[in-house]
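Here the structure is laid out as structure tokens; the discussion comes afterwards.
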């Protein structure tokens, strides 16, 4: 227990001292489209889509990081634009808690994207997306632990820091944008490539005279799905992310087993693995039924942190509902 508290303190120090490091992230980045690239807004087959994600990173270390998000996006003005184009509008709510809730980030975003058909049928599209975010950061000083509180029994001492039980706050506006190419050569395959940049305006986080600049986060990503048989499909995806001096590389895939291939809304099972280089191996299980898709991953920590985390990087779940009425115009889009 003492080691967990000590590590929580270290994590909090890193959050406060390096606020310009990496953003919160999802292992199932493919199931959180609007936090990956604003150009994914409206890029789905249906009339509207609702997605939710939850991640508990390093749960053995006193809930070091928990992240959740919910988003909704839909198509607009489809009867006023070209039949091979797509225009989407979306909203995102995003919460991230660090150090057992001592540091909280809350985000609210509005995004839009236009996907221009590159051929008559819209099998190939090039999209551009834009997103504006209002961000709010809170530090609950009552939950903070400092080095001068550390005794042989844990953080039981009295700190010399004086906050008068205050809650420190910082608000800012954020600007994000992205590009996305999507194509297909047939009814059972799809491939996409995109690039996004978050924090384009380099917003500032300010607390009691200290000021931190949030570095832009640039992500290159791609993926697709390809048939392996009548009932089997291979899904692959990868990303390369850069932010400040930090980077992240992920690659992996999953096999889809279609139990009812003759139905328009089939039931499928997914199993696969992703790898976050120099950090974790991430098994994945998924279920698709009617208009719902559920996914679960578990990060098996393989980095030098595995001693403190006991190899337990964190659990993550996703749930996506996509309304797909039979009268809807088909839209060529990524599966994830």
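Nothing in this text is a laboratory measurement; each read-out follows from the coordinates by a stated rule. In this text the structure is predicted, and so the values were computed from the model without any measurement. Here Cβ is always computed from backbone atoms with ideal geometry, including for glycine, and neighbour counts include all displayed protein chains.
Points to keep in mind about this one:
- Rough spin-label spacing in nm, given labels placed 7 Å along Cα→Cβ, for residue 277 and residue 81: 3.5 nm
- Packing order of peptides 37-50, 257-270, 229-242, highest average first: 37-50, 229-242, 257-270 (average count of other Cβ atoms within 10 Å over each peptide's residues).
- Calculated FRET efficiency for the pair residue 172/residue 259, C-beta based, R₀ 30 Å, to 0.05: 0.05
- Length gained when the stretch residue 95-residue 118 is fully extended (0.36 nm per residue, less Cα-Cα span): 4.6 nm
- Extension gain, residue 294 to residue 50, is 86.6 nm, computed as 0.36 nm per intervening residue step minus the present C-alpha separation.
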